[in-house]
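Novice: Structure below; questions to follow.
The values are calculated or read from the model by the stated rules, or taken from the named source; none is laboratory data. Only a predicted model underlies this, so the values are computations on that prediction, with no experimental measurement involved. When we count neighbours, we look across all protein chains shown, and the Cβ atoms used for this are built from the backbone with ideal geometry, even at glycine.
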Amino acid sequence: MKLFTNKIGILSIALAMTVSSCNKEFLNAVPELDLSDATVFNTPARVLSQVNGLYGSAKNGSLFGGRYLIYNDIRGEDWVNRTTNSVTGYSTYQGNQDPSDSYLAGFWIQGYLTINRANLFLEGLAANPNAVSSTLAANYRGEAKFLRALTYFSLVQYFAKPYIMDKGASAGLPLRLKGSVSSADNDMPRSTVAQVYAQILQDLNDAETELPDSYGTALLNTTRAHKNAAIALKTRVKLAMGDFAGVITESNKIVSATAPFKSSARVAHALQSDVSAVFKAPYTTTESIFSFPMDATNAPGTQNQLGYYFNAGNVEYYLNTGSIGIYSNPQFAATDDRKTKLTVATTSVAKFPSSTKFSGVSPYVDYVPNIRYAEVLLNLAEAEAEAGSLTRAIALLKAVHGRSDASYVFPALDTKADVIKAILTERRIEFLAEGFRANDVTRRGDPMVSFGAGATIQPSDPRYIYGIPLVEVQTNPSIGK
Amino acid sequence: MKKLVLSWVLMMALVSTLFAQTRQVTGKVTSSEDGSGMPGVSVSAKGSAKGTSTAADGTYKIVVADGVSLVFSFVGFNSQTVSVGSRSVIDVQLQADNQQLSEVVVVGYGTKKRQEFTGAASTVKAATIAERPVQSFSQGLTGQAAGVNITQPNGLLNNPPVIRVRGLSSLSLSSFPLVVIDGIPISTDNVSANSTTNNPLADINPSDIESIDVLKDAASAAIYGSRAGAGVLLITTKRGKTGKAKVSIDSWAGISEAVRLPDVLNAQQYMNHKNGAIANALAMNPNAISASQRNAENKSFLPNYNPDGSLIDTDWYKEVYQTAVSQNHNLTINGGTDKTNYYFSAGYSDQDGFLRSNSFQRRSGRFNMDHQATKWLKLTANFNYSNTFNKAPMSGSNSGGAFNTSGLGRIAVAQVPNLPAYLPDGSYNLENNTLGRMNNLLPAQFPNPAVVRDLDKITSENTRLIANLGAEFRLMEGLTAKTSYSWDRRNTENIRFFNPYNGDGWSAGGDAYNNTARSDNWNWINTLQYNLTLAEKHNFSVIAGSDVQKTRVLNWGAQRQTLADYFFTDFQGNFGTNLAAGNGIYQVAYEAYLGSFSYNYAGKYFLSANYRRDGNSALSSENRWGDFGGASLGWTVSEEKFFKDLNLGNKITNLRLKASYGKVGNGNVPNAYGSYSTFGSGLYGAAPTLAFNQAGNKDLKWETSAQTNVGLDISFLNDRIQVEANYYYKDINNLILNVPQAPSKGIPGNSILANVGSMYNKGYELAVTATPINNNGFVWTTNLNFATNENMVTSLVDDNTPILTATSGLEVTSITKVGYSAAQVYGVKTGGVNPENGRRIFIKKDGTKVQYSHLGGALAWTTLDGKATTSPSDQQQILGNTLPTFYGGFNNTLRYKGFDLGLNFTFSGGNYIYNGSQAGLRDQRVWNNSVDVLNSWKTPGQVTEIPKAVYGDNVSNGSSFLIDANLQKGDFLRLQTATLGYKIPTNLTSIGISNIRVYAQANNLWLLTAYTGVDPEISSNGDSNLASGIERNSIPQGRSFTFGINIGL
């Protein structure tokens, strides 16, 4: 008996020893579905995936994939809210937006997430010089800078006093250009608006140099930035700065001197003869300089979809048919393709007119345009009207309008003011539901006619721009300084 | 039969009288607990060797000399001595020995006699829990143990309760105690992947539980070092008792209903009120309601009529709530020989919620066995298999779901009352994704609850095996080796089908999401224990061992949208869009080595110490090992000679002092991979992407808790009154926090896990157990437990950077800041309603009063003298603490003859609750309102607490940002359970039944509180540490009545 129990004793001690010598790997649990930051430059395919990740970040439904555009449209006079839902922009529509609003904060959060990812990518690319060929590395740098510029520009439009009002002397955004991965550096004051614009232009100039001329497919020419995209974005930025000469210089790189206006450089951008073709699959005409693709497996997400807001998705907002809305504007005639082909009088959801630019319902796979050739033409038209040739301005305006309503005869376009007014009206028609309205008002420092607020909001009114989100104020003490 | 016995007794009595020297005494010994006959009670004549024991039914007979006394004794009961005198029939009722000190306490890796135990622990006998209409034992612990505070978040079935042992144990990590069932730590979080609630603790049939020991201080809990920071609940299941097989059948059935639902406007009141609000709105902004959404009289809400001409006036509560029926049945068989004991049980529970379409079912079987194979080897096996099925509609009452558009808790109060659920032809009244508006010119905003209730299918089902095999080897005298391997395997199937007609599936044309989770959790414990007694007085015990555990969880699933045909009502139907959803893999491993030493001298002086080295895979590789341990001292003063010499006799029977100190860790890191910086894979269109998705912290280390306990046990009057008092201090350091990062830095999630904070909890606990009356068969036993808690956050990232937390990700409600207890309500102070103009007055931090005029444009915010000012939404202040500062229970049992009456009260207080549901009830959008709004301001000079109603106003009521007008005190006293039982005295042994008890029970029968929300026991954010004390759109608590029967064979 004694012998036997001793055996058991030895056995059990051996057992305990086995457990004790549990191999060191036992406590090693590494993520199995995410990649370690140390491995993301290991193969050219992963580097490319990171580039696509930057675009994916920018196209998030809370930013350029949906809400950024939506909040631009609903602040104006062309839309009427149907559902009084604060989750779908009702308070912004009414001019009651507040720095505590989580959707406004969403622009800031997703925007800066995109910026940080671009910063980290640029740093990583520099630290891994052999990850891809030097040509590809330059192209990728250009793409990252293009997206960083687009994001900074879009945020500074929303959260800072317009450049035009004081040449950018006001407080702009914290200008973060280094990758952030730790708890350090929460504190950062706002740079001036002018400093932010300077950075945007520097990035776009770099991007113009570094980006490829074009890609191998129409899809990539639409969904990835190339040289013309950087140039086109510069026309938007310089227009907001009131640098009309600059707009003309940049535009001329991709716009012919006379009609028919088209780009002879690199990607052959041109207006499509049928405007509705731009908003139909495959969404990759040469008019779409830069768009965000959507897919059933990569959709904008709940309550972010343009078609949910402006079309049969849920008609959150319908077209204002009243006198101040663009729908009843004489320049937007009943014969206009943009009315006949891109709006409907009623939908299955509501007996109100809606835009059908984003006609798809669930799963909402309509591409979301960001830069169209029509915009470049109207940017150029406005710059020409302001500081160049009125004749060319009118020709550009008519090119855009005539494409959709050839029979329309503009009333007298004799004065600069008449022409500019017609161009600005044209923008409302052409870019309806594409997220231009509020920025088009604020970049010129014009009063904002808000249908939702039932008032005209003056540039001096705190409601004119969005306040810095509360979440930033709470974590970055220098932001208010 | 009875008559026969009686005549036999009489005859024998006669015989004894005749002989006169000896006397035959007969009688029956019954238990004071339930009046049942007690078998095996020793009956002996005092001062003689004569003795017998009672038969199976408790009867005895003994022949004794005249004039002697009989002594009745039984383990666990107070002995009784009765002088025979001239009597020949003596019936005795034995009182259960309520001296807790004689019981054992289950502690880590073993048990200890309570008189040797020097830590702080409470033991709850689980018998009463099994009779309650709850889903898991954890819900039944309310008010049962000092220092353990339980909050049932609301009445959604199987919603995990919030359990706090001695206050909040962490901020970002779980504050839920570690739950160990027969040795294996098991997961406690809600495991549902949809809006049902699935508390995995409900996989354990409460009827199978023998006792629950709550380890409260570090000295007791440190043996579970790695995860004991929040206390430990040790669940011991029932085991077979030696003897012939005993069968028990326990059943109950009952009903439950919703209570304290708010009074809302009826159809006519609603139309009048809303149209009035529209008139006020149009006066401010002519576009407030577009012309097409109002009639010529500027009214948007117009009467609708039934076919019989009566006004449609819908009581939405009837569509959402019901009187629900539940039933529960258990069968157990246990028994054993001197070598082998077994316990077998089968349970079935079928409970319907007072929320329609909410149900819970459990089928479970358990087999526990002990076998002494040889003199040196004992084997233990436990086997539990269960299936639990949780079904719930979208209720808005699960944690994180407060603002669900189709949450029935909110829809029930907010849905438009002048619209019907059904059209005259019986079809649902629908318009797009909402209730059909009929004559109203403004659309409703919420779905038709009847559709959500009937056509959505949301379930979460666990199939689970918990098995355990243990062996105990006696290696030599005093030396034992134990090994125990446990396996906890859970499959959870989550099914969610959103119908395409109305609710969350409308937009996608039908939406099905299925997910399955496979959790594999194993645990292997090996210990070596050596006990030694020297010179009869020095008692040593040493334990050394190891404990390893690994949990691996695999999730996979898919989401399918846009039904090919509305014929399909399941995931398996045909859909247009197929997406990956609910996929994940994670694993956590723990490895520990432990040692414990205890010594006592003659049962008077006690010393114990334990040490543990713990590794946790969720911490960074450099910091994953931590050292923990504790020590405790005890002194049983009443065992000292000097004390005995005081001759206090039975006035003070027992007096003991104890103290402990220890350090434990909290390893429940919310992210298994928090130390890694990672890139996630996604898509851009159809192209694969990689994007930075987590900033890891390579310095992540253990969060620790240093705990001090000083206690006193004292009992009076032969243990008739027992008091246990403790003071505790829990000092928690290196708190692992999701440290907020400036969003402009672009850190994913705007936070990084880091060890930055500290806080403490301190307080007193008092438990008094007494038998105030024990007279003529009438027994009243009572237990009062009372605890205080002071929580204080002493450091965070820095003193000026608080942690703000949002309810359901939308509404910032809570702040945790240095110098305050955690989870304070954070909002803007208000100063009532301006009698001049009916506007809500808000108070800025500097004391400036401003008023709000909805749709006032540039003059929306003005000072009281009318000058434009800015919104006070960023002028939040700390409004009130949400953690109760005192709580406890008052439990009473009264017995008389076969009757027993149990009255259990619970109380809690010192805290505030943010009644966010009230904000919703006063919101001036299309939502229906509480009848409070009938008092809204209408004329200058009117003094009221409800502002002027302006259609669309969601600021004045506190929906837009939190205001203190919706803050209320949370003190309450509740009659948690009232149970009346009766043991049928009829002797049924002839048909094989040894006892029958029937009972009726009421749960939540009575509540005393000034809180006006649905219930002061509420937690819309579930187990959240940082956002407790919030009520937002939850369904209420229920009141239930059950009838039950216990049968013993």
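Novice: Go through the stretch B:870-885 and give me each residue that's surrounded by 17 or more Cβ atoms within 10 Å (Cβ to Cβ) and among the polar types (S, T, N, Q).
Specialist: B:871, B:873, B:875, B:876, B:881, B:882, B:885, listed by residue number.
Novice: Which of the strands (runs of 3 or more DSSP E) contained wholly in the stretch B:133-196 include at least 2 residues that are under 16 Å from the mean Cα position of the chain (by Cα)?
Specialist: Filter on the stretch B:133-196 gives B:148-151, B:162-165, B:178-181.
Novice: Of everything in the stretch A:290-314, what is in contact with a strand residue (DSSP E or B) (Cβ under 6 Å, 6 or more places away or on another chain), modelled with pLDDT of 95 or more and under 28 Å from residue A:230 (Cα atoms)? Give them in sequence order.
Specialist: Within the stretch A:290-314, A:290, A:291, A:292 meet the criteria.
Yes/no per residue for (1) touching a Gly at 6+ places or on another chain (Cβ under 6 Å); (2) β-branched (Val, Ile, Thr); (3) farther than 14 Å from residue A:375 by Cβ:
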| residue | (1), (2), (3) |
| --- | --- |
| A:196 | yes, yes, yes |
| A:201 | no, no, yes |
| A:211 | yes, no, yes |
| A:220 | no, no, yes |
| A:224 | no, no, yes |
| A:229 | no, no, no |
| A:247 | no, yes, no |
| A:252 | no, no, yes |
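Novice: Somewhere in the stretch B:574-589, is a residue more than 11 Å from every other protein chain (Cβ to nearest Cβ), out of contact with any helix residue (DSSP H, G or I) (no Cβ under 6 Å at 6 or more places or on another chain) and closer than 30 Å to residue B:117 by Cα?
Specialist: As a first pass, look at the stretch B:574-589 and keep what is more than 11 Å from every other protein chain (Cβ to nearest Cβ): B:574, B:582.
Still in the running and out of contact with any helix residue (DSSP H, G or I) (no Cβ under 6 Å at 6 or more places or on another chain): B:574, B:582.
Keeping just the survivors that are closer than 30 Å to residue B:117 by Cα gives none.
No, because not a single residue in the stretch B:574-589 is more than 11 Å from every other protein chain (Cβ to nearest Cβ), out of contact with any helix residue (DSSP H, G or I) (no Cβ under 6 Å at 6 or more places or on another chain) and closer than 30 Å to residue B:117 by Cα.
Novice: State all residues of the stretch B:844-891 that are within 30 Å of residue B:141 (Cα to Cα) and of a type in the set (Phe, Trp, Tyr); if no residue qualifies, say none.
Specialist: Hits for the stretch B:844-891 are B:886, B:887, B:890.
Novice: Now a separate question. Whether any residue in the stretch A:433-446 is among the charged types (D, E, K, R), under 27 Å from residue B:747 (Cα atoms) and more than 8 Å from chain B (Cβ to nearest Cβ) is what I want to check.
Specialist: Checked against the condition, which is being among the charged types (D, E, K, R), under 27 Å from residue B:747 (Cα atoms) and more than 8 Å from chain B (Cβ to nearest Cβ), the stretch A:433-446 yields no hits at all.
Novice: OK, next. Part of a loop (DSSP other than H, G, I, E, B) and under 30 Å from residue B:418 (Cβ atoms): does that describe residue B:855?
Specialist: Yes: the conditions hold for residue B:855.
Novice: Still on this structure, please answer the following. Identify, by number, the condition in (1) among the acidic types (Asp, Glu); (2) buried (at least 22 other Cβ atoms within 10 Å of the Cβ); (3) farther than 29 Å from residue B:118 by Cα that residue B:217 doesn't meet.
Specialist: The failed condition is (3).
Novice: Within the stretch B:369-389, which residues are in contact with a helix residue (DSSP H, G or I) (Cβ under 8 Å, 6 or more places away or on another chain) and either more than 14 Å from chain A (Cβ to nearest Cβ) or at pLDDT 95 or above (or both)?
Specialist: B:384, B:386, B:388
Novice: I'm checking my understanding of the structure. Among residues of the stretch A:189-203 that are of a type in the set (A, V, I, L, M, F, W, C) and in contact (Cβ under 8 Å) with a residue 12 or more places away in the chain, which one is nearest to the other protein chains (Cβ to nearest Cβ)?
Specialist: Per the criteria, the residue is A:196.
Novice: Additional query: Of all residues in the stretch B:958-977 being more than 13 Å from chain A (Cβ to nearest Cβ) and of a type in the set (S, T, N, Q), which is farthest from the chain's Cα centre (by Cα)?
Specialist: Only one residue tops the list, namely B:966.
Novice: Please determine, by comparing only the residues of the stretch B:727-763 that are polar (S, T, N, Q) and assigned to a strand (DSSP E or B), which one is surrounded by the most Cβ atoms within 10 Å (Cβ to Cβ). Break it down stepwise before answering.
Specialist: Keep residues of the stretch B:727-763 that are polar (S, T, N, Q), which gives B:733-734, B:738, B:741, B:744, B:750-751, B:755, B:758, B:761.
This time we only want the ones that are assigned to a strand (DSSP E or B), so: B:733-734, B:738, B:751, B:755, B:758, B:761.
Working: B:733: 17, B:734: 20, B:738: 19, B:751: 17, B:755: 20, B:758: 19, B:761: 24.
Per the stated criteria, the residue is B:761.
Novice: Considering only residues that are hydrophobic (A, V, I, L, M, F, W, C), at the interface with another protein chain (Cβ under 10 Å from one of its Cβ atoms) and surrounded by fewer than 24 Cβ atoms within 10 Å (Cβ to Cβ), which ones fall in the stretch A:156-188? Spell out how you get there, then give the answer.
Specialist: We begin by selecting, within the stretch A:156-188, every residue hydrophobic (A, V, I, L, M, F, W, C); these are A:156, A:159-160, A:164-165, A:169, A:171, A:173, A:175, A:177, A:181, A:184, A:188.
Add one more test, that the residue is at the interface with another protein chain (Cβ under 10 Å from one of its Cβ atoms), and what stays is A:173, A:175, A:181, A:184, A:188.
Result: A:175, A:181, A:184, A:188.
Novice: Restricting to the stretch B:447-487, what's the tally of residues that are farther than 23 Å from residue B:157 by Cβ and acidic (Asp, Glu)?
Specialist: Residues in the stretch B:447-487 being farther than 23 Å from residue B:157 by Cβ and acidic (Asp, Glu): 2 in total.
Novice: Yes or no: residue A:327 part of a helix (DSSP H, G or I), under 20 Å from residue A:89 (Cβ atoms) and within 14 Å of chain B (Cβ to nearest Cβ)?
Specialist: Judged against the criteria, residue A:327 is a match.
Novice: Taking the condition of being more than 14 Å from chain A (Cβ to nearest Cβ), part of a helix (DSSP H, G or I) and either touching an Asp or Glu at 6+ places or on another chain (Cβ under 9 Å) or under 21 Å from residue A:84 (Cβ atoms) (or both), how many residues in the stretch B:281-319 meet it?
Specialist: Qualifying residue count, the stretch B:281-319: 1.
Novice: Here's something else I'd like to know. Which members of the stretch B:505-517 meet the condition of being touching a Ser or Thr at 6+ places or on another chain (Cβ under 6 Å) and more than 9 Å from chain A (Cβ to nearest Cβ)?
Specialist: B:517
Novice: Then there is this: Out of the stretch B:668-682, which residues are in a strand (DSSP E or B) and either surrounded by fewer than 18 Cβ atoms within 10 Å (Cβ to Cβ) or more than 7 Å from chain A (Cβ to nearest Cβ) (or both)?
Specialist: Passing the criteria: B:680, B:681.
Novice: Okay, moving on. List every residue pair whose Cβ atoms lie under 6 Å apart, where the two residues are 6 or more positions apart in sequence or sit on different chains, the first residue falls within the stretch B:683-699 and is over 18 Å from residue A:301 (Cβ atoms) and facing another protein chain (nearest Cβ under 7 Å), and the second residue, located anywhere, is surrounded by 23 or more Cβ atoms within 10 Å (Cβ to Cβ) and among the aromatic types (Phe, Trp, Tyr).
Specialist: From the stretch B:683-699, the pairs are B:690/B:679; B:692/B:679.
Novice: Out of B:408, B:423, B:419, B:430, which single residue is in contact (Cβ under 8 Å) with a residue 60 or more places away in the chain and surrounded by fewer than 24 Cβ atoms within 10 Å (Cβ to Cβ)?
Specialist: B:430
Novice: Considering the stretch A:298-324 alone, what residues qualify as being under 19 Å from residue A:67 (Cα atoms), within 11 Å of another protein chain (Cβ to nearest Cβ) and polar (S, T, N, Q)?
Specialist: Hits for the stretch A:298-324 are A:298, A:302, A:303, A:305, A:314.
Novice: Considering only the stretch A:462-473, how many residues are buried (at least 18 other Cβ atoms within 10 Å of the Cβ) and within 12 Å of chain B (Cβ to nearest Cβ)?
Specialist: Within the stretch A:462-473, residues that are buried (at least 18 other Cβ atoms within 10 Å of the Cβ) and within 12 Å of chain B (Cβ to nearest Cβ) number 8.
Novice: Among the residues of the stretch B:599-632, how many are buried (at least 17 other Cβ atoms within 10 Å of the Cβ), touching a residue at least 40 places away in the same chain (Cβ under 8 Å) and within 30 Å of residue B:653 (Cα to Cα)?
Specialist: 6
Novice: Here's another thing I want to ask about it. Among the residues of the stretch B:471-498, count how many are within 14 Å of chain A (Cβ to nearest Cβ) and within 30 Å of residue A:313 (Cα to Cα).
Specialist: Matching residues across the stretch B:471-498 total 1.
Novice: Name the residues in the stretch A:206-219 that are crowded, with 16+ Cβ neighbours inside 10 Å and either more than 14 Å from every other protein chain (Cβ to nearest Cβ) or polar (S, T, N, Q) (or both), would you?
Specialist: A:206, A:207, A:208, A:210, A:211, A:212, A:214
Novice: Looking at the stretch B:435-470 only, could you name the residues that are within 14 Å of another protein chain (Cβ to nearest Cβ), within 15 Å of residue B:304 (Cβ to Cβ) and either over 39 Å from the mean Cα position of the chain (by Cα) or in a strand (DSSP E or B) (or both)?
Specialist: B:435, B:436, B:437, B:440, B:441, B:442, B:443, listed by residue number.
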